[in-house]
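Here the structure is laid out as structure tokens; the discussion comes afterwards.
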Amino acid sequence: MGEFLEQHQVLYKKGVADFNAAKILFDQFNQGELALDIDIILFHLQQSADKLIKAILSKQKVNFPKIHDLEQLYNLLHSTGIEVSVDIEWLIQLNDFAVEGRYAIIHDDILKMEEYFNTISILKEFTKKHFNE
């Protein structure tokens, strides 16, 4: 029988899975092995940040609304006294890919990809350390 996971653990695992999916897709895209819209990669990064922030909130037993707005989620996190040293502007830019990126063409800037990955990596590591406290 499998181990029962708490909500924060499920959110963390799904956030890491989204990050890993984005990384794999981006690596294949850079190697010319994959023809895809870069918006798909950015969607996975946005979803990763969304789930990682919600994982921290869940671990702290903070109720959060059913939203995908990273700025609002980050502000909720901040209001609980939890400080994550990520550049909020990079998270805000990812908001466009939560919904619109799935249905519309967004002018993407592939030069920003490293910053997006760095930002989510910091958030991922912070979440992991937060759980081990």
Worksheet item: Would the stretch 18-30 turn up any residue that is in contact with a Phe, Trp or Tyr (Cβ under 9 Å, 6 or more places away or on another chain), at pLDDT 95 or above, surrounded by 18 or more Cβ atoms within 10 Å (Cβ to Cβ) and under 21 Å from ILE82 (Cα atoms)?
Response: no
Fill in: Test: VAL86 is within 13 Å of TYR116 (Cβ to Cβ) and either exposed (fewer than 14 other Cβ atoms within 10 Å of the Cβ) or of a type in the set (Val, Ile, Thr) (or both)
yes
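The values are calculated or read from the model by the stated rules, or taken from the named source; none is laboratory data. All values reported here derive from a predicted model rather than from experimental measurement. Ideal geometry is used to build each Cβ from the backbone, glycine not excepted, and the neighbour counts take in all protein chains shown.
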